[in-house]
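J.: Have a look at the structure that comes next, please.
Please treat every number below as a calculation from the coordinates, not as lab data. Remember, it's a predicted structure, so these values are computed and weren't measured experimentally. All Cβ positions, even for glycine, are placed from backbone atoms using ideal geometry, and neighbour counts span all protein chains on display.
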Amino acid sequence: MAAITTIEDLKRMHKRRTPKMFYDYAESGSWTEQTFRENTSDFDKIKFRQRVAVDMTNRTTATTMIGQEVSMPVALAPVGLTGMQSADGEIKAARAAEKFGVPFCLSTMSICSIEDVAAKTEKPFWFQVYTLKDDDFMKRLFDRARAAGCSAVVITLDLQIMGQRHKDLKNGLSAPPKFTLASMADLATKWPWGIEMLQTKRRFFGNIVGHAKGVSNPASLASWTAEAFDHALDWERVAELMKMWGGPVILKGIMDADDARKAAELGADAIVVSNHGGRQLDGTVSSIRALPAIMEAVGDKVEVHLDSGIRSGQDVLKAIAMGAKGTYIGRAYVNGLGAMGQKGVTKALEIIHKELDTTMALCGRRDINNVDRDILMVPEDFEGRWA
Ligand code: GLV
């Protein structure tokens, strides 16, 4: 096997080994996928300022996110259906993250439940929730997260309704997959995935099936979101949910300075500048382009994190230099998981760490906590002049 040196290598293996419907689920954006593409291509427009003859001994990428120590400012983002990319995928990813010393955030739409992950890990993880109509279900979710020792809740604010991802509809995405002619033909070429999957009982949405009432088809993400999600969500409800949880809260999906101010006023411990990996509002700007205005509005009031578009350590460094205190990877670790299970997630983290550390050194910095905008050359019109 050729050496694995990039996230792109893991992505190719992921595609070869995992059923098409799940690879496609991870690898899509909504509608035309414009925002999905620009999330990555906008990072390329930012350049590093190369510095030389600067002592680069004793480097560190260790820092904190919401006051918790991390070996690098990169958390594993909440990603739905992770346990379909590889059997027990959430457990594998959480274990890789805890060994590496970075936060793992479990999605409500996970296959392994909160309790499954808690039973197989030692350190506290973060738990992501959507904003649902069913108060009882929300309360029980928070109780379960508390009982599992979760150290923060991430509330997703940008998915009351789902942006359409064409591939999911065409593939008939469901967990577990339905047996159609096309899915059987695909599975026949991915049999090691199938054998592993037969050895686990975790093949359904573990946080939902048996916990949520009135869901007509719990195997379908689309039907659950359409039936259960709170379309009436407003800031008052966000405040209620924050109170219901009562612990550290990260508000995710902020792309606008006014929304960032509102989130800071509510007392969030951090916000995540995120367009949901380009999976929701197609046509909005990339998250890295949205970051400067949000830093200007609330950078001194609340910790700002960023996701959407990060595929390398260079991207992490650019986001940190632009002011983010932390970043999240979603697809990059899922590529590792689909390629090689837990080892693949560790590989993805190692790749990103090495890129981050070496790039920081070549920019003349030794400590991630001292990285600032001076290491970058940002195009003057990067944020754009929008009428
Ligand atoms: C869920 O949050 C998704 O983007 O599919």
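J.: Can you give me the relative contact order of the chain as a percent, contacts being Cα pairs under 8 Å and 6 or more apart? Display every interim value, and only then the final one.
T.: Numbers: 777 pairs, mean separation 110.6, N = 387.
Once normalised by length, the contact order is 29 percent.
J.: Let me ask you something else. Taking amide hydrogens as modeled 1.01 Å from N in the peptide plane, which residues meet the under 5 Å criterion relative to THR327, leaving out close sequence neighbours?
T.: Those qualifying (amide H under 5 Å, at least 5 residues apart or on another chain) are VAL74, ALA75, LEU306.
J.: Between the range 148-179 and the range 184-262, how many Å separate their Cα centres?
T.: 5 Å
J.: Just how large is the dipole of the chain about the Cα centre, in debye to the nearest 20, putting +1 at every Lys and Arg Cβ and -1 at every Asp and Glu Cβ? Each step should come with its number before you reach the end.
T.: Numbers: 50 positive and 49 negative charges, 281 e Å.
Taking the Cα centre of the chain as origin, the dipole is about 1360 debye.
J.: Given a 10 angstrom Cα cut-off, can you work out which residue in GLY278, GLY364, GLY313 is the most mobile in a GNM of the chain?
T.: Per the Cα network of the chain with a 10 Å cutoff, GLY364 tops the list.
J.: Contact order normalised by length for the range 249-335, with contacts defined as Cα pairs under 8 Å and 6 or more residues apart; what percent is it? Mind dumping the intermediate values first?
T.: Working: 147 pairs, mean separation 23.8, N = 87.
Taking the mean separation of contacting Cα pairs over the length of the range 249-335, I get 27 percent.
J.: Moving on. Given contacts defined as C-alpha pairs under 8 Å and at least six residues apart, what's the relative contact order of the range 158-255, whole-number percent? Before the final figure, lay out the partial values.
T.: Numbers: 46 pairs, mean separation 37.3, N = 98.
It rounds to 38 percent for the range 158-255.
J.: Percent antiparallel among DSSP beta bridges with both residues in the chain, to the nearest 5?
T.: Numbers: 6 of 31 bridges.
Within the chain, antiparallel bridges account for around 20 percent of the total.
J.: I've got another one for you. Quick one: what are the phi-derived ³J(HN,Hα) couplings along the range 303-308, Karplus 6.51/-1.76/1.60 with θ = phi - 60°, whole Hz, x for glycine and proline?
T.: For the range 303-308, the Karplus curve yields 6, 10, 10, 9, 9, 5 Hz.
J.: Which of the listed residues, ILE161, VAL79, LEU306, is farthest toward the dipole's positive end in the range 7-369, when Lys, Arg count +1 and Asp, Glu count -1 at the beta-carbon?
T.: VAL79
J.: Cross-link candidates for LYS170: which lysines have Cα within less than 23 Å, leaving aside residues fewer than 8 places away along the same chain?
T.: Once the sequence-local lysines are set aside, what remains near LYS170 is LYS11, LYS15, LYS20, LYS178, LYS190.
J.: Would you give the gap between the C-alpha center of the range 100-141 and the C-alpha center of the range 325-382, rounded to a whole Å?
T.: 25 Å
J.: Okay, next question. Sorting check: for 170-180, 266-276, which peptide has the highest mean count of neighbouring beta carbons within 10 Å, and how do the rest follow? Don't skip to the answer; put the middle values down first.
T.: Numbers: 170-180: 16.2, 266-276: 24.2.
In descending order of packing, they fall as 266-276, 170-180.
J.: Next up: Using amide H atoms built 1.01 Å from N in the peptide plane, name the residues 5+ places from ALA268, or on other chains, whose amide H lies under 5 Å from its own.
T.: Amide H to amide H, under 5 Å and 5 or more residues apart or across chains, ALA268 pairs with nothing.
J.: What number comes out for the charge environment of ARG311, summing +1 per Lys or Arg and -1 per Asp or Glu over other residues with Cβ under 11 Å away?
T.: On the way: positive: LYS11, ARG331; negative: GLU8, ASP44, ASP315, GLU355.
With Lys, Arg at +1 and Asp, Glu at -1, the net is -2.
J.: Provide the net charge surrounding ARG140, with neighbours chosen by a C-beta distance below 13 Å and charges set as Lys +1, Arg +1, Asp -1, Glu -1.
T.: Working: positive: LYS139, ARG144, ARG146, LYS213; negative: GLU115, ASP134, ASP135, ASP136, ASP143.
Neighbourhood net charge equals -1.
J.: Summing Lys, Arg as +1 and Asp, Glu as -1, what charge do residues with Cβ under 14 Å from the Cβ of GLN34 carry, GLN34 excluded?
T.: On the way: positive: ARG37, ARG165, ARG279, ARG289; negative: GLU33, GLU38, ASP42, ASP282.
Residues close to GLN34 contribute a combined charge of 0.
J.: Which of the trypsin sites (Lys or Arg not before Pro) found in the range 259-360 are in a DSSP loop and have at most 15 neighbouring Cβ atoms, other than their own, within 10 Å? It would help to have the intermediate numbers written out before the result.
T.: On the way: sites: ARG261, LYS262, ARG279, ARG289, LYS301, ARG311, LYS318, LYS325, ARG331, LYS343, LYS347, LYS354; in loops: ARG279, LYS301, ARG311, LYS325.
When the trypsin sites (Lys or Arg not before Pro) of the range 259-360 are filtered for loop state and at most 15 Cβ neighbours within 10 Å, LYS301 remain.
J.: Can I ask one more? Mind checking Rg over Rh on the range 238-278, alpha carbons, Kirkwood formula for Rh? Provide the component values of the computation, followed by the final result.
T.: On the way: Rg = 10.3 Å, Rh = 10.5 Å.
Ratio of gyration radius to Kirkwood radius: 0.98.
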